[in-house]
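Data first, discussion second: the structure below is written as structure tokens.
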Amino acid sequence: MAFVHLPKPWQSLERDITPESAFFNRRRFLKSLVGVGIAGATLPLLGCQKAVPTAEELANTEDLEATQNAVFADPGRPITNEILAATYNNFYEYGSSKNIWKKAQSLQTDDWKVEVSGLVKNPATYDLDDLRKKFTLEERIYRFRCVEAWAMVVPWLGFPMNALLRAVEPTSNAKFVRFTSYFDPRITKGPSFPPGQFLPFPYTEGLRIEEMANDLAFFAVGIYGHTLPNQHGAPMRMVVPWKYGFKGAKSLVKIEFLATQPATFWNALSPNEYKFEANVEPDVPHIRWSQEKERLIGPGNQFAWQEVPTQIYNGYGEFVGGLYGKG
Ligand SMILES: Nc1nc2c(c(=O)[nH]1)N[C@H]1C(S)=C(S)[C@@H](COP(=O)(O)O)O[C@H]1N2
Ligand SMILES: [Mo]
């Protein structure tokens, strides 16, 4: 992000997509596009015409069963078009542009394991089956706000972080949690310029343990009714919707309970721009732009996205205000 915050013309997504059928029947909407692609849509990239991915290419996922959590069923805005969300990503392990979805397909998630260690009574290493059996999956539709001021609304499938806390039982010395993303320089090569090795990979993020225990804090293993596509952080990622998007580390391999605040990826790169706390706060500008407004992804051209006011804690103050003395 440090390199690409100013919108560049070659990052624009000019698409001609029928909007919001997805809102009512996301699954059927996706299936109806399989094989058809998005007719006529093109992505101008560095002057050459590139085809937009077909839904089939994007839907390299398995359906997941989950119960809708009624508390998070109405985000107050339409759900973002699934294909737009799946082709406009931040995932620096695969490059610094938003167009990394194809490169991310090189990640192999079959024998995935997530290690939970540190200051806990019951350290554990979970594979994906363990996770799905042990934790009841629910669907939560959350607003999502990137520090770069784009925003979306997506239906996540997963389980609350506090369910994991109950399973591993942190000790009283555990004050912080570090989350580490998968990193293997043969697969997650990083941006070509500057070279990936200059970035502090593996990507890590952190929370205070009280933040992790908050009802909103969530591990997603799916999105739009199916497992996560790689570009969204398969097979498991963090979702902390009251914070800027960079706090939601993707493709988690390690969760460690610590006594002190860990260093984190963006904060280490640029501490004045990316705070450890990183709550969505409209009246606290980024050093290079205002955070008072945000642009909702889609439908259509990136520069025609709908602008709406940013809400304190991304509108989740009733859940998290108490954590920051503002409940
Ligand atoms: N491992 C890892 N996790 C990451 C990132 C990243 O570059 N690497 N980018 C973050 C940022 S800046 C945002 S806005 C969100 C984007 O999530 P999405 O691509 O699924 O919309 O992922 C976050 N998690
Ligand atoms: Mo972001």
**Request:** Working carefully through the options TRP156, TRP150, find the one that is more than 15 Å from ligand 2 (Cβ to nearest atom), in contact (Cβ under 8 Å) with a residue 40 or more places away in the chain and within 20 Å of GLY76 (Cβ to Cβ).
**Result:** TRP156
**Request:** Filter the stretch 248-274 for residues that are within 12 Å of ligand 2 (Cβ to nearest atom) and over 19 Å from ARG288 (Cβ atoms) and give the result.
**Result:** GLY248, ALA249, LYS250
**Residues of the stretch 279-300 that turn out to be open to solvent by 20 Å² or more (accessible area, probe 1.4 Å), in contact with a helix residue (DSSP H, G or I) (Cβ under 9 Å, 6 or more places away or on another chain) and assigned to a loop (DSSP other than H, G, I, E, B), as a count** = 4
**Prompt:** Across the stretch 136-148, which residue is nearest to LYS275 (Cα to Cα) among those that are part of a loop (DSSP other than H, G, I, E, B) and open to solvent by less than 10 Å² (accessible area, probe 1.4 Å)?
**Reply:** VAL147
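May I ask you to say which residue of GLU205, GLU256 is at pLDDT 95 or above, among the charged types (D, E, K, R) and buried (at least 21 other Cβ atoms within 10 Å of the Cβ)? Break it down stepwise before answering.
Numbers: GLU256 fails: buried (at least 21 other Cβ atoms within 10 Å of the Cβ).
Going through GLU205, GLU256 in turn, just one is at pLDDT 95 or above, among the charged types (D, E, K, R) and buried (at least 21 other Cβ atoms within 10 Å of the Cβ): GLU205.
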**Prompt:** For the stretch 242-277, how many residues are touching a Ser or Thr at 6+ places or on another chain (Cβ under 9 Å), of a type in the set (A, V, I, L, M) and either at positive phi or assigned to a strand (DSSP E or B) (or both)?
**Reply:** 3
**Asked** For PRO235, which of the numbered conditions (1) in contact (Cβ under 8 Å) with a residue 40 or more places away in the chain; (2) not in a loop (DSSP other than H, G, I, E, B) fails to hold?
**Response** (2)
**Prompt:** How many residues, within the stretch 72-117, are more than 19 Å from PRO299 (Cβ to Cβ) and touching a strand residue (DSSP E or B) at 6+ places or on another chain (Cβ under 8 Å)?
**Reply:** 11
**Message:** I need the full set of residues from the stretch 127-162 which are closer than 19 Å to VAL253 by Cβ and more than 16 Å from ligand 1 (Cβ to nearest atom), in order please.
**Reply:** ASP127, LEU128, ASP129, ASP130, LEU131, ARG132, LYS134, PHE135, PHE159
**Fill in**
When the stretch 301-327 is checked residue by residue, the ones that are at pLDDT below 95 and surrounded by 18 or more Cβ atoms within 10 Å (Cβ to Cβ) are GLN302, TRP305
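Filter the stretch 68-123 for residues that are of a type in the set (Gly, Ala, Ser) and over 30 Å from GLN261 (Cβ atoms); which is most open to solvent (accessible area, probe 1.4 Å)?
ALA70
Among the listed residues LEU258, LEU269, which satisfies the condition of being in contact with a strand residue (DSSP E or B) (Cβ under 6 Å, 6 or more places away or on another chain), over 30 Å from ILE83 (Cβ atoms) and more than 10 Å from ligand 1 (Cβ to nearest atom)? Spell out how you get there, then give the answer.
Working: LEU269 fails: in contact with a strand residue (DSSP E or B) (Cβ under 6 Å, 6 or more places away or on another chain).
Sole residue among the options that is in contact with a strand residue (DSSP E or B) (Cβ under 6 Å, 6 or more places away or on another chain), over 30 Å from ILE83 (Cβ atoms) and more than 10 Å from ligand 1 (Cβ to nearest atom): LEU258.
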**Message:** Please determine whether any residue of the stretch 177-185 is touching a Phe, Trp or Tyr at 6+ places or on another chain (Cβ under 9 Å), away from ligand 1 (no atom under 11 Å from the Cβ), under 20 Å from PHE319 (Cβ atoms) and touching a residue at least 40 places away in the same chain (Cβ under 8 Å).
**Reply:** yes
**Request:** Residue by residue through the stretch 97-120, note down the ones that are under 19 Å from the mean Cα position of the chain (by Cα) and farther than 17 Å from ALA249 by Cβ.
**Result:** SER97, LYS98, ASN99, TRP101, LYS102, LYS103, GLN105, SER106, GLN108
**Request:** Hey, could you check the stretch 159-199 for residues that are assigned to a strand (DSSP E or B) and not aliphatic (A, V, I, L, M) and say which is most open to solvent (accessible area, probe 1.4 Å)?
**Result:** ARG178
**Asked** Is there any pair with a first residue in the stretch 77-103 that is free of Cβ contacts under 8 Å to residues at least 60 places away in the same chain and within 27 Å of PRO202 (Cα to Cα) and a second that is part of a loop (DSSP other than H, G, I, E, B) and open to solvent by 20 Å² or more (accessible area, probe 1.4 Å) whose Cβ atoms are under 7 Å apart and which are 6 or more apart or on different chains, and what are they?
**Response** none
**Fill in**
Conditions (1) closer than 20 Å to PHE159 by Cβ; (2) at pLDDT below 95; (3) of a type outside the set (A, V, I, L, M, F, W, C) -> PRO75 fails only (2)
**Prompt:** Can you tell me which residues in the stretch 211-220 are more than 16 Å from ligand 2 (Cβ to nearest atom) and open to solvent by less than 10 Å² (accessible area, probe 1.4 Å)?
**Reply:** GLU211, MET212, LEU216, ALA217, PHE218, PHE219
**Complete:** Apart from one, (1) open to solvent by less than 10 Å² (accessible area, probe 1.4 Å); (2) within 23 Å of GLY158 (Cβ to Cβ) all hold for TYR274; the odd one out is (2)
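The values are calculated or read from the model by the stated rules, or taken from the named source; none is laboratory data. Keep in mind that what you see is a predicted model, and the values were worked out from it rather than measured. So basically every Cβ, Gly included, is an ideal-geometry build from the backbone, and we count neighbours across all protein chains shown. When the accessible area is computed, the model is the full protein with side chains, heavy atoms only, and any ligands, DNA or RNA have been set aside. Shrake-Rupley method; radii C 1.70, N 1.55, O 1.52, S 1.80 Å.
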